[in-house]
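Here the structure is laid out as structure tokens; the discussion comes afterwards.
What follows is calculated from the coordinates using simple rules that are stated; it is not laboratory data. Just so it is clear, the structure is predicted and the values come from calculations on it, not from any experiment. For neighbour counting, all protein chains shown are included, and Cβ atoms are generated from backbone atoms with ideal geometry for every residue, glycine included.
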Amino acid sequence: MRFRLRLATSIFAGFMVALALSYTIFQQPLGAKRLVLILPPTIHPNVAARITVAAVNDLMQVDTYREDLVEVSVNPCSHASLAVEGAPQPEWNSPVTLRLFESKATPIMVGDRYETVALTARWIGGGPILQFHTHSCIFLNLGITVLDITM
């Protein structure tokens, strides 16, 4: 009886060690599934604001290995414009196409009046398709503190 109990305990312990080891060895990193827009708390008219586009996983963690191509735009009726940050001669227009570096890209936006702007990020290509929420849109009021930036 004792032998069977020890044998069962040993088999169970071995199974648990094997399970823990296989989880550690075969654990896949959580890859990005969607794009999110990260905005400054306040955007004022006639002042350039940095907008961040990031590829995140289901836990909202940035997947630092993505170098996809994304497009960021504002609604066509808006007076706001976008440009690529760091460009020697920024061209203010919408949309702008950016390449993610370590899963992030930072366009700049400026608007000349108080208005509600629909800011959109869209996956174009690169790594595996961003399957969920590949088209992210956020509404913001130029000149008013941004209260909710969740997607």
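Modelled label positions at E91 and N46, each set 7 Å beyond Cα in the direction of Cβ, lie 2.7 nm from each other.
For region 34-141, what does the alpha-carbon gyration tensor say about shape, rounded, prolate or oblate, given a ≥ b ≥ c as the root eigenvalues, a/c under 1.5 as rounded, and a/b over b/c as prolate? Prolate. Spin-label pair N75-A118: with each label point 7 Å from Cα along the Cα-Cβ axis, the two points sit 0.6 nm from one another.
With R₀ set to 35 Å, the beta-carbon distance separating L39 from E67 gives a calculated FRET efficiency near 0.95. Each peptide in 37-47, 114-124 was scored by the mean count of other Cβ atoms within 10 Å over its residues; highest first, the order is 114-124, 37-47.
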